Amino acid sequence: MTTRWLAKPFGGFELAASNVFVSGVHTTALLPVNCRQYKIEDLDKVMQDLHRQYGRIAKVNGLIGHPDLLFVFDADLIRDTFKKEEVLPHRPAMPSLRNYKSKMRKDFFGDNMGLIGVHGEKWDAFRAQVQQVMLQPSTAKKYIAPLDEISSDFMDRSRAPNKCPIAAKVGDDLRHASRTNEPKRNRIDWAGGQSLMIVGRGLKVSQIQEMRDENNELPGDFLHELYKWALESIGRVALDTRLGCVSRDGNDESKRIINSINTFFWTVAEVELRMPIWRIYETTAYKNYIGALDTFRELCMRHINIAMEKMNSSTEQKSEECISLVERILQKTNNPKIAAVLALDLIMVGVDTTSVAATSTIYQLSQNPDKQEILFNEIKRSMPSPDTKFTISMLETMPYLRACIKETLRMYPVVIGNGRSLQTDAIIGGYHIPKGTHVIFPHLVVSNLEQYFPEPDRFIPERWLKRGELKEHSGCPHAGQKIHPYVSLPFGYGRRTCIGRRFAECELQILLSKLFRRYQVEYNYEKLTYKVNPTYIPDNPLKFKLTERSS
């Protein structure tokens, strides 16, 4: 008798929800506890309540327009599911984004739809073309110097001259570069987008030195300033271009790119998590969503075309740090569309996620001054002065900084869950789970369980240190303890691992080392609360107090 026949049927679950509607909210109104009403931004609370009421595994079904959901809150079951995944793993899809790429803008994307919202053979073919360049640790390390320069520009008023003469400035003649009829070997035409309804707040133009008020506090919308730092970093790495996001005067192009990214993230939850009315009727949220994608693509393609035209016209020998990711992909594939779509993907998902990770880490250290002091002493050993440049070797000499980032992402992962869409029937937790079910791994919940992390509510970076890695922590009972490898997966798993992980880690380590080397950071307000948007972002003003250190 096979395991399949011994398994309990999927219908044997006690249902966590069945076709519930509250105030127009569909997928997120699960009513697991006391008929409580949920909003999309409360998905974290939904997952927590599902675990409290149903334990290690819970089924949610009856969601019109959506497949059944299986929430798995057990690390061993998560491991077993990942270990058995298909050659072409499918993540729970974003059908609206897939529709945008494969149908609405097929004239642009063609067969190269990138990595986001794409699955199957087309995803596999695209990733095979770019992963060798993107996932090698040595590739990200080539950009340490320019990323250090951008973080310094963000921190200080003065700007160092650009060391790469080929790097484009946003003041170049974008209109000529993007609309000229002259043939270019690597040129990509872009289709004009629909108008975008800007729903974001205006962005201030200043560096940290200029942001602080009379109380040495940063503005409440400091996250938006970090968006500019992240966009500038990605633009430099992907395109060898300084977009001007962190300059004193700023520019409208970069603000519009950030606003389009924000609009995309604000509306994607509305489009994807509610009943999919967009399939038959274009709601306001859907129109804003498509408008944001079009505007984002249009603006970014101007800069991508500039980068490609400069590559074609340059005859100079460039240093490794001045060879953009676009150029590296072009050298490998000789396909400008693949290079361009990869750049679009990196910019789309790299701004919000990296900025939120930085924000949460700053907050955790502000609330744990003892940990912040340990980190400061570690940084100071490698960076004798606040103006010391970050170097490749420092990636290895700051294990406590890496541990602080890991511990933050354990407590507040930027994406609260991972998942897979089953392409074949499976046995999970003794249940027969049919093909097509979306299996959700709620890492926000699992990585904050006592059974996996003692005192999970405490910020203890020492958990992530190897025993004996730092002498001053050799006596810490948390250091060197075995951590289940499938509990905290902030960058995903396996073949669907975030392809920009190496670059995000470098960006975070450089910025945070500079910030905590120069300043003592406090946050003197009520505890931060978070919401799903759809990344996991703080819902309070980020008025960090920065006190400059004397040495």
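Between beta-carbons, use under 14 Å as the cut-off and find the net charge around E507, counting Lys and Arg +1, Asp and Glu -1.
Once all neighbours under 14 Å are counted, the net charge is +2.
Which value in Å is the Kirkwood Rh of the range 456-551 over different Cα pairs?
Hydrodynamic radius (Kirkwood, Cα pairs) of the range 456-551 is 16.9 Å.
In square angstrom, what is the accessible area per residue of the range 428-521 with a 1.4 angstrom probe?
Spelled out: the 1.4 Å probe surface of the range 428-521, per residue, equals 40 Å².
Can you tell me the Rg and the Dmax, both Å, for the Cα atoms in the range 354-497?
For the range 354-497, the Cα radius of gyration and maximum Cα-Cα distance read 18.1, 60 Å.
What distance in nm separates the two pseudo spin-label positions at N377 and R98, each 7 Å out from Cα along the beta-carbon direction?
The answer from the label model is 5.3 nm.
Work out how much length D370 to T529 would gain on full extension: take 0.36 nm times their residue separation and subtract the Cα-Cα distance, in nm to one decimal.
Taking 0.36 nm per residue and subtracting the Cα distance, the gain is 55.0 nm.
Using a cut-off of 11 Å between beta-carbons, work out the net charge of the residues near L135 (Lys and Arg +1, Asp and Glu -1, L135 not included).
+4
Using the Cα atoms as the points, what is the convex hull volume per residue of the range 278-392 in Å³?
189 Å³
Just to confirm a number: summing +1 for Lys and Arg and -1 for Asp and Glu over residues other than M383 whose beta-carbon lies under 9 angstrom from that of M383, what do you get?
+4
With every protein chain kept in place and ligands, DNA and RNA left out, what is the accessible area per residue of the range 278-332? Probe 1.4 Å, answer in Å².
I get 42 Å² per residue for the range 278-332.
Kindly state, to the nearest 0.05, the FRET efficiency for Q423 paired with R501, given R0 = 25 Å and r defined as their beta-carbon distance.
0.50
By how many nm would the segment from K83 to S313 grow when fully extended, if each residue of separation counts as 0.36 nm and the alpha-carbon distance is taken off?
Gain on stretching K83 to S313: 78.0 nm.
Quickly work out the E455-to-Q209 label distance, labels modelled 7 Å from Cα along the C-beta direction, and quote it in nm with one decimal.
Reported label-point gap for Q209 and E455 is 4.0 nm.
The values are calculated or read from the model by the stated rules, or taken from the named source; none is laboratory data. Please read these numbers as outputs of a predicted model, since none were measured by experiment. Cβ atoms come from the backbone with ideal geometry, glycine included; neighbour counts cover every protein chain shown. Heavy atoms of the whole protein, side chains included, go into the accessibility calculation; ligands, DNA and RNA do not. Shrake-Rupley method; radii C 1.70, N 1.55, O 1.52, S 1.80 Å.
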